[in-house]
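The values are calculated or read from the model by the stated rules, or taken from the named source; none is laboratory data. Keep in mind that this is a model prediction, so the values were computed, not measured. Every residue, glycine as well, gets a Cβ built from its backbone with ideal geometry; the counts of neighbours run over all protein chains shown.
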Amino acid sequence: MISVYYFGAISLILIGLYAVLVKKNVLKMLIGLSIMETGVNLLLVSIGYISGRSAPILSEGIGPNQAVDPIPQALVLTAIVIGVATTAMALSVAIILYGKYGTLNVEEIRRLRG
Amino acid sequence: MNGQYASLLIALPLLSAFFVPLIKGLGERGIKYYLAVITALQTGIAAWVFQQVYSTGKPIIVMAGGWKPPVGINLYIGHFAALFVLIVAVVSFFTAVFSIWSMKVQPIDKYAMLFLLLMLGATGMIATGDIFNLFVFMEITAISAYALTAYNKTGEAAEASLKYMILGGIGSSFFLIGVALIYGSLGTLNMAQIAQLAGNMNPTVAQVGLALIVFGLAVEAELFPLNAWAPDAYQAAPHAITVMFSAFVVKAGLYATARLLYLMQAVGSWHDVLKLLVAMATLTVVVAEFAALRQKDVKRMIAYSSISQVGMIAFALALGSQAGVDAGVFHMVNHAVVKALLFLGVGYVGIKLGGTAMENFQGLGKRMPLTAFALTIGSLAAVGIPLFNIFWSKVRILIAGVEAGYTWGVALILGASVVEAVYYLRFIHAMWFAGEGERMREGLAISLILLLLAALVIVIGIYPDYIWSLAQKAGSDIFNVGQYIKNVPLMEVGA
Amino acid sequence: MLKRLLAITTLIIIGYWLAQGLAGVPFGQDRMLVGKYYLEHVVEQTGAVNAVTAVVVNYRGFDTLGEVTVLFIASTGVGALLWSRKKRRTARTEGSIVLTTGTRLLAPFVMLFGVYIFIHGHLTPGGGFPGGATIATAFLLLYMAFVTYEIPHRAFEKIEGAVGMTYVIVGLIGLAIGGYFLYDWIWQTWGWGHDNIGRLFSGGFIPIIYTIIGIKVGTELSGIIDNMIKEEVSK
């Protein structure tokens, strides 16, 4: 049986992928990519979760045996920043595209062919 | 000197990229020369590392932060990494020199930073020994490549960059899911430890994880069906950047694919993933060759040719035999030399004559004989004529393919090579036997680089033994995973 | 319509396949290997009580250096793509009285809070990236409230570069003192802060690195906002 967190993560990934594959507006495609990244991050965090344990900050009452795995959380931190960077780049490319073509519809932006 | 100083390979480009905003006052020319000096320094460090690794025969393990491998991140600079880090640095140096003369689009300071970081990303991807660190370096490479693809700020460039970004975004998400699955079942991210523990992995998890990683890397490695961005990006990017894409960015992706593939050798479902990759590679070759045939733009044609060669390398790497991997690495070296030559020559002509359409190349033999000569050598080599370097690696790949039992793949690749010969001969014909033109002056530095690369093509073609012996060492570095695990000083963690 | 059906079929196949893979990694079980080592040794080896921070900055510091680089690339790339010789803000609508007064009151405190987050990265959740993002939010508020407001972007670019260099130099000092790139020389060689665990002055070079990252992220994100919000003015 698959857990609800995994289910949520996979659903987010698939919803994002659907937007990327089907939508025609560049901005909607980029939103799709971000949703997909969120799904992947949720997946990473839930893989690191251990039932009944708390966040890996070792203060009073939380010893090494009461904390969840810190690595996936560190990875997610990195992955989020990378996602932000990609989004920023993509948006500035979208700004250029809009300036050159006057539209953000991918079906009308098609000069490179073949 | 201590092997830990090999971390300068990463530190130097970073430090000098961060330094660029502070020396903006030097002006355009100053920054371009600065770029050339830094890449020359990087070449020096890479040469030192290369000399260390090949003279001692032992890899250099850089431990970041002083933590032993599974706890900290390590760089693994073995025979393969040493060779390719050197190639990355040398090609970057050549393109930096080429940029001094060719880059006109503003803002140059930003160009210099992105250039250095692209070099850094490829170096890191080749050198790292940690699977998530590989992801980080892959993103450094990819994001600077997105920016550089769109750097010319034309509509086409932005469109190519957007395509690259969307495919790259999907690819990196897939890669990360693959990493999550592998981490989830093994609890480690260190490549050597993954290889050590891979045998105990649940075969379904391993298969899904590995296939996701292969798909994710296929964007960078330009494998069908995730390579739709490549010809557009090659065409739209500044000429200097195209050289880098073809010569080492794609190689870094291929290497990462091969490395992760062989690390997971012990997994039960390993051969299924190999078959998937062989199919993808063969399709890449066939589709790219036929697309190249109908191109009217020379840069785009060579881009397709480059993709097909990349497919061939991937085919060799996916054979799962020592001979295949060796041949693949040999082909990587040859491809880097030949495609650097071709793209530099084409870029030079493109700037001199204002475009890379086939018409501009008519009568090139009379207008720019040196460049035309170098381009001819490159084209003949790319076709695989004997006594040029690619001939040897192509033959070795085909033999390895037959030995591994993929006769159908070899037959398809041979058929595609005939197509390749057709369009390259058409190109040579256009340069020497069509059109007229006045003689033009050819720049000294660029002619020297072109002739040097052309000479290298011929020298390797006549004496392939030295490079072949390097390629064999580098190939066994990838193939021989037992040795890889032994080389990394893994620390005992956990019970 | 056909395209949509095709996409949905592909997605169902991918989803099924992912679920198959994830079924082999059951949720909530303890499968830590390296993670366990971190939890057991983090306090004595790095001086930080927040294990995530210690992993991010110290054990896997190389990733973080890469991460900072990625953000730097994004800010540089946005700057390169939206470059033009003369750029100016073109917005005309002034912010409402609520927005302007609120911004005037809040902006310094938002920045202060950002600084608080990154200085306490080794003790509490957060660290350089969220802290820097908070600082950038303050600049975003200023941009929204005042139509003529501009950050001094030339100075910000220089700070970005200089701070990035400091990070690499801290790493290189580690190489010179301890023999390893990004070696935590403050905690391991000099031994500062060993009796201070759980308080501000501990954690080796983590607070230093996080200050660097916080400033860098703050200036970079504000730079990105600045580049995107301004438009080219034709004479």
- Note on residue B:69: of the conditions (1) over 19 Å from residue B:119 (Cα atoms); (2) out of contact with any strand residue (DSSP E or B) (no Cβ under 6 Å at 6 or more places or on another chain), unmet is (2)
- Note on the structure: Exactly one of B:357, B:323, B:336 is touching a strand residue (DSSP E or B) at 6+ places or on another chain (Cβ under 9 Å), surrounded by fewer than 24 Cβ atoms within 10 Å (Cβ to Cβ) and either of a type outside the set (D, E, K, R) or more than 19 Å from residue B:245 (Cα to Cα) (or both), and that one is B:357
- Restricting attention to helices (runs of 4 or more DSSP H) lying wholly within the range B:95-214, give those where 2 or more residues are more than 9 Å from chain C (Cβ to nearest Cβ), in contact with a Pro (Cβ under 8 Å, 6 or more places away or on another chain) and surrounded by 24 or more Cβ atoms within 10 Å (Cβ to Cβ). B:108-127
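Results for (1) free of Cβ contacts under 8 Å to residues at least 24 places away in the same chain; (2) more than 25 Å from residue B:293 (Cα to Cα), shown as yes or no for each residue.
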| position | (1), (2) |
| --- | --- |
| B:399 | no, yes |
| B:409 | no, no |
| B:431 | no, no |
| B:460 | no, yes |
| B:467 | no, yes |
| B:472 | no, yes |
| B:483 | yes, yes |
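Rundown of residues vs (1) facing another protein chain (nearest Cβ under 7 Å); (2) farther than 22 Å from residue B:110 by Cα; (3) part of a helix (DSSP H, G or I), yes/no style:
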residue: C:8; (1), (2), (3): no, yes, yes
residue: C:12; (1), (2), (3): no, yes, yes
residue: C:18; (1), (2), (3): yes, yes, yes
residue: C:32; (1), (2), (3): yes, yes, no
residue: C:48; (1), (2), (3): no, yes, no
residue: C:53; (1), (2), (3): no, yes, yes
residue: C:76; (1), (2), (3): yes, no, yes
residue: C:79; (1), (2), (3): yes, no, yes
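Considering the range C:193-233 alone, what residues qualify as being closer than 19 Å to residue C:119 by Cα, outside any helix (DSSP H, G or I) and either in contact with a Pro (Cβ under 7 Å, 6 or more places away or on another chain) or facing chain A (nearest Cβ under 10 Å) (or both)?
Correct list: C:197, C:198.
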- Message: List pairs: first residue in the range A:91-114 and at pLDDT below 90, second residue surrounded by 13 or more Cβ atoms within 10 Å (Cβ to Cβ) and acidic (Asp, Glu) anywhere in the structure, Cβ distance under 8 angstrom, at least six positions apart or on different chains.
- Response: A:97/B:159; A:109/B:159; A:110/B:159; A:111/B:156; A:111/B:159; A:112/B:156; A:112/B:159; A:112/B:232
- Message: Looking only at residues that are without any contact (Cβ under 8 Å) to a residue 40 or more places away in the chain and closer than 12 Å to residue B:147 by Cα in the range C:62-76, which one is nearest to the chain's Cα centre (by Cα)?
- Response: C:70
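Quick check: anything in the range B:18-27 within 21 Å of the chain's Cα centre (by Cα), free of Cβ contacts under 8 Å to residues at least 60 places away in the same chain and more than 8 Å from chain C (Cβ to nearest Cβ)?
Step one: list which residues in the range B:18-27 are within 21 Å of the chain's Cα centre (by Cα), which gives none.
No, because not a single residue in the range B:18-27 is within 21 Å of the chain's Cα centre (by Cα), free of Cβ contacts under 8 Å to residues at least 60 places away in the same chain and more than 8 Å from chain C (Cβ to nearest Cβ).
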- Out of (1) more than 20 Å from the chain's Cα centre (by Cα); (2) facing chain B (nearest Cβ under 9 Å); (3) in contact (Cβ under 8 Å) with a residue 40 or more places away in the chain; (4) in a helix (DSSP H, G or I), what's the single condition that is false for residue C:37? (3)
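Looking at this structure, is residue A:85 hydrophobic (A, V, I, L, M, F, W, C), at the interface with another protein chain (Cβ under 7 Å from one of its Cβ atoms), without any contact (Cβ under 8 Å) to a residue 40 or more places away in the chain and surrounded by 24 or more Cβ atoms within 10 Å (Cβ to Cβ)? Can you show your working first?
On the way: hydrophobic (A, V, I, L, M, F, W, C): yes; at the interface with another protein chain (Cβ under 7 Å from one of its Cβ atoms): yes; without any contact (Cβ under 8 Å) to a residue 40 or more places away in the chain: yes; surrounded by 24 or more Cβ atoms within 10 Å (Cβ to Cβ): yes.
Answer is yes for this residue.
Results for (1) polar (S, T, N, Q); (2) modelled with pLDDT of 90 or more; (3) in contact with a helix residue (DSSP H, G or I) (Cβ under 7 Å, 6 or more places away or on another chain); (4) within 29 Å of residue B:474 (Cβ to Cβ), shown as yes or no for each residue.
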{"site": "B:322", "(1), (2), (3), (4)": "yes, no, yes, yes"}
{"site": "B:341", "(1), (2), (3), (4)": "no, yes, yes, yes"}
{"site": "B:350", "(1), (2), (3), (4)": "no, no, yes, no"}
{"site": "B:356", "(1), (2), (3), (4)": "yes, no, yes, no"}
{"site": "B:363", "(1), (2), (3), (4)": "no, no, no, no"}
{"site": "B:366", "(1), (2), (3), (4)": "no, no, no, no"}
- Task: Kindly provide the set of residues from the range B:28-74 that are more than 14 Å from chain C (Cβ to nearest Cβ), closer than 15 Å to residue B:7 by Cα and outside any helix (DSSP H, G or I), ordered by number.
- Result: B:59
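Every residue in the range A:74-89 that is under 14 Å from the mean Cα position of the chain (by Cα) and either within 17 Å of residue B:177 (Cα to Cα) or not β-branched (Val, Ile, Thr) (or both), please. Spell out the reasoning first.
Kept after step one, since they are under 14 Å from the mean Cα position of the chain (by Cα), are these residues of the range A:74-89: A:75-88.
Answer for the range A:74-89, where residues must be under 14 Å from the mean Cα position of the chain (by Cα) and either within 17 Å of residue B:177 (Cα to Cα) or not β-branched (Val, Ile, Thr) (or both): A:75, A:76, A:77, A:78, A:79, A:80, A:81, A:82, A:83, A:85, A:88.
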- Query: Hey, any hits in the range B:79-90 for a residue that's touching a residue at least 60 places away in the same chain (Cβ under 8 Å) and outside any helix (DSSP H, G or I)?
  - Reply: no
- So which residues in the range A:32-54 are more than 7 Å from chain C (Cβ to nearest Cβ) and touching a strand residue (DSSP E or B) at 6+ places or on another chain (Cβ under 9 Å), if there are any at all? A:52, A:53, A:54
- Query: How many residues, within the range C:86-127, are touching a residue at least 12 places away in the same chain (Cβ under 8 Å) and in a loop (DSSP other than H, G, I, E, B)?
  - Reply: 15
- Query: Of all residues in the range B:25-35 being surrounded by 19 or more Cβ atoms within 10 Å (Cβ to Cβ) and not hydroxyl-bearing (Ser, Thr, Tyr), which is farthest from residue B:92 (Cα to Cα)?
  - Reply: B:31
- Inspect all residues belonging to the range C:142-160 and state whether any of them is more than 30 Å from residue C:83 (Cα to Cα), surrounded by 16 or more Cβ atoms within 10 Å (Cβ to Cβ) and away from chain B (no Cβ under 14 Å). no
- Of (1) over 16 Å from the mean Cα position of the chain (by Cα); (2) within 14 Å of chain B (Cβ to nearest Cβ), residue C:98 satisfies all except one. Which? (2)
- Message: Can you tell me which condition residue A:77 does not meet? The list is (1) at the interface with chain C (Cβ under 8 Å from one of its Cβ atoms); (2) surrounded by 23 or more Cβ atoms within 10 Å (Cβ to Cβ), and all the others hold.
- Response: (2)
- Message: So residue B:352 passes all but one of these: (1) closer than 15 Å to residue B:257 by Cβ; (2) surrounded by fewer than 24 Cβ atoms within 10 Å (Cβ to Cβ). Which condition number does it fail?
- Response: (1)
- Determine which member of the set C:92, C:88 is under 30 Å from residue B:143 (Cβ atoms), among the charged types (D, E, K, R) and surrounded by fewer than 24 Cβ atoms within 10 Å (Cβ to Cβ). C:88
- Item | Filter pass, residue B:405 being among the small types (Gly, Ala, Ser) and buried (at least 21 other Cβ atoms within 10 Å of the Cβ) | no
